[in-house]
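Below is one structure, written out as structure tokens; the observations come after it.
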Amino acid sequence: MDLIMKVLVLVIVIAVVAGLLFIVFNRQVTTGPVTEAQAEQLVLSDVNATNPGALVTIINASPSTLESGSWNIVLSVVYNATRACPTLSIEDFDYPATGLSGATINNYTSNCIIYGISSAPSYVISSPYIAIARSYNSTIAKNYVTTYGYSNTQVHARFYSSLNSTSTPLNQTLASVWIINYSATPASFNQYFVLSLSGAVLGNYTAQK
């Protein structure tokens with residue numbers, strides 16, 4: 001019986017010490033002057049830890065409007081960044097004012113669905129991940145990925161403010177377009193798509209590796 005009591009007391013002592021250490025550490029992290037760089041690093045570390053495998057990038061950091069000495073940090077969280085169906089969301093943090101509790105302010109795309117594009121005729125594709133998801137609506141893109149395998153296919157998108165007629169096999173002068181490149185390991189060629197800013201497919205072509 002004495003042994004059980006000793007074990008219980010030891011467990012209680014350990015729990016109390018752990019609680020005190022947590023409080024002390026939390027206060028060290030969340031109180032006192034915090035620089036912009038410190039706030040960014042703490043938020044990035046937390047988001048990376050809670051989103052393993054995601055590509056996390058800070059979009060903007062600015063002084064908080066909630067509390068003096070705090071920082072408003074906006075970042076993007078992308079899953080499957082180089083696959084045919086990336087998931088993109090935008091997260092907002094105000095640190096240390098609201099701690100490490102972020103809010104999702106926009107879910108742009110998930111499962112190859114682009115939210116809001118069908119109800120917004122003036123929709124502007126502002127991210128390569130949205131351009132990739134949009135291009136995958138094409139039957140040609142789906143056939144390419146199905147033929148060579150989802151895990152074997154890398155997809156990248158790049159924005160061009162202008163392209164002359166010799167830049168692509170389409171022989172067209174293009175302005176403000178996304179070019180999406182599908183490249184599969186087993187394939188002998190890459191599949192390309194040209195999208196307008198609103199997501200319209202302007203053309204497609206292939207190129208031998």
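The values are calculated or read from the model by the stated rules, or taken from the named source; none is laboratory data. Remember, it's a predicted structure, so these values are computed and weren't measured experimentally. Areas reflect the complete protein model, heavy atoms only, side chains present, ligands, DNA and RNA absent. Shrake-Rupley method; radii C 1.70, N 1.55, O 1.52, S 1.80 Å.
3J(HN,Hα) along region 197-209: 4, 8, x, 6, 7, 8, x, 8, 7, 10, 8, 5, 6 Hz, from the Karplus curve 6.51 cos²θ - 1.76 cosθ + 1.60 with θ = phi - 60°, whole Hz, x for Gly and Pro.
Applying the Karplus relation 6.51 cos²θ - 1.76 cosθ + 1.60 with θ = phi - 60° to region 35-46 yields 3J(HN,Hα) values of 6, 4, 5, 5, 4, 4, 5, 5, 5, 4, 4, 5 Hz, where x marks Gly and Pro. Region 36-54 and region 172-208 have Cα centres separated by 33 Å. Calculate what fraction, in whole %, of the accessible area of region 68-209 sits on carbon and sulfur atoms when a 1.4 Å probe is rolled over the protein chains. Its accessible area is 50 percent carbon and sulfur atoms. Taken per residue, the accessible surface of region 131-209 reaches 50 Å², heavy atoms only and a 1.4 Å probe. The string of couplings for region 77-87 from the Karplus curve (6.51, -1.76, 1.60, θ = phi - 60°) is 10, 10, 9, 6, 4, 10, 10, 5, 10, x, 10 Hz, one whole number per residue in order, with x for Gly and Pro.
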